[in-house]
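K.L.:
One structure coming up, written as structure tokens, with questions to follow.
The values are calculated or read from the model by the stated rules, or taken from the named source; none is laboratory data. In this text the structure is predicted, and so the values were computed from the model without any measurement. Positions of Cβ are generated from backbone atoms using ideal geometry, with glycine treated the same way; all protein chains shown enter the neighbour counts. For accessibility, only protein heavy atoms count, side chains too; no ligands or nucleic acids. Shrake-Rupley method; radii C 1.70, N 1.55, O 1.52, S 1.80 Å.
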Amino acid sequence: MTDVVLITGGGRGIGAATAVLLAERGYAVCLTYREQHAAAAEVAAQCLAHGVPVRTVRADVSREGDILGAFDAAAELGTLAALVNNAGIVAPQSRVEDMTGDRIHQVFTINVIGAFLCAREAVRTMSTRNGGTGGAIVNVSSRAAVLGSPGEYVDYAASKGALDTLTTGLAREVAGEGIRVNAVRPGLIETDIHASAGEPGRVGRLAGSVPWGRGGRADEVAAAIAWLLSAEASYVTGAFLDVGGGR
Ligand code: NAP
């Protein structure tokens, strides 16, 4: 039977690259997006070209009802085997003293609570304790969780720190129930996210600070995610895989 993967924020960037790679590897793909339908439809077409079933769902992870709807859509494809908790945002670069409460709430609502609720639904579905067949979760954290992003977005960095703690705790909580929980921590990756923080050229500006000498590509993060989901990682849980070129 085909394994089903649910990827939040699969319409662009790292989530899109992950969707296409996992389709190539034979997963049925349910990908969600927030508003950019055309981008998600293009990714879906690339997945379909690999001959696997695909569903595209508009679902804002800051809305619990949307998350439940996305899991229902994934269930229509077959048995859920994997969740990639990828949807995430940054707000425009700012010092902490200049951040509004609304901004901080929004970052934590999407990056932490959204990921938490998706993880909850995945466990409800996949846990052998609940009659499921097990599975794997990969949380898309960030090297920012370690570096702190001073002067740019400490709120974002702190949200990824919370995601890391979710990874550690949940991995141990469900280790006896057939579910592995891991995280990737990408570094500076060429995607649209930097433009949404107000600096489209950020990766180029900071590339010199990367020991490997360049920014990363979304497909390089996708490969790490795919490995963590795969049977090759069968004894890996609660782990953090840094994909940052040494930064
Ligand atoms: P991106 O290119 O901006 O794509 C973000 C994706 O998430 C889009 O598909 C977007 O949907 C979706 N999304 C945003 N808010 C959402 C919400 N509330 N509900 C559902 N979907 C939502 O970002 P990216 O760079 O690929 O980032 C993906 C993940 O990697 C994020 O968690 C980010 O924090 C993490 N990360 C990125 C980098 C980097 O350098 N790029 C580094 C470390 C970690 P729409 O297309 O509909 O807007």
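K.L.:
Identify, by number, the condition in (1) within 10 Å of the ligand (Cβ to nearest atom); (2) of a type in the set (A, V, I, L, M, F, W, C); (3) under 20 Å from Glu152 (Cα atoms) that Val84 doesn't meet.
P.N.:
So Val84 meets the others, but not (3).
K.L.:
Follow-up question, since we're still on this one. Hey, any hits in the range 216-229 for a residue that's in contact with a Gly (Cβ under 9 Å, 6 or more places away or on another chain), on the phi < 0 side of the Ramachandran plot and among the basic types (Lys, Arg)?
P.N.:
no
K.L.:
Same structure, new question: Given the criterion in contact with a helix residue (DSSP H, G or I) (Cβ under 6 Å, 6 or more places away or on another chain), within 19 Å of Ala122 (Cβ to Cβ) and of a type in the set (Ser, Thr, Tyr), identify the matching residue among Tyr33, Tyr27.
P.N.:
Residue meeting the stated conditions: Tyr33.
K.L.:
Same structure again: Just for the range 209-247: of the residues that are within 27 Å of Gly169 (Cα to Cα) and of a type in the set (Val, Ile, Thr), which one is surrounded by the fewest Cβ atoms within 10 Å (Cβ to Cβ)?
P.N.:
Val236
K.L.:
Condition (residue is within 15 Å of the ligand (Cβ to nearest atom), of a type outside the set (D, E, K, R) and open to solvent by 50 Å² or more (accessible area, probe 1.4 Å)) applied to the range 21-37: is it met by at least one residue?
P.N.:
yes
K.L.:
Quick one: which of Gly198, Gly148 is open to solvent by 20 Å² or more (accessible area, probe 1.4 Å) and without any contact (Cβ under 8 Å) to a residue 12 or more places away in the chain?
P.N.:
Gly148
K.L.:
Determine which member of the set Arg55, Arg120, Arg63 is within 13 Å of the ligand (Cβ to nearest atom) and within 19 Å of the chain's Cα centre (by Cα).
P.N.:
None of the others qualify; the one that does is Arg63.
K.L.:
If only one of Arg63, Arg95, Arg103, Arg12 is within 21 Å of Asp219 (Cα to Cα) and open to solvent by 30 Å² or more (accessible area, probe 1.4 Å), which one is it?
P.N.:
Arg12
K.L.:
Something else: Could you grab me the full set of residues in the range 66-86 that are open to solvent by 30 Å² or more (accessible area, probe 1.4 Å) and under 15 Å from the mean Cα position of the chain (by Cα)?
P.N.:
Those that are open to solvent by 30 Å² or more (accessible area, probe 1.4 Å) and under 15 Å from the mean Cα position of the chain (by Cα): none in the range 66-86.
K.L.:
Contact list please: Cβ distance under 8 Å, first residue in the range 207-219 and aromatic (Phe, Trp, Tyr), second residue assigned to a loop (DSSP other than H, G, I, E, B), pairs at least six apart or on different chains.
P.N.:
If the second residue must be assigned to a loop (DSSP other than H, G, I, E, B), the pairs left are Trp212/Gly245; Trp212/Gly246; Trp212/Arg247.
K.L.:
Would you mind stating whether Glu173 is more than 27 Å from Glu24 (Cα to Cα) and either in contact (Cβ under 8 Å) with a residue 60 or more places away in the chain or surrounded by fewer than 17 Cβ atoms within 10 Å (Cβ to Cβ) (or both)?
P.N.:
yes
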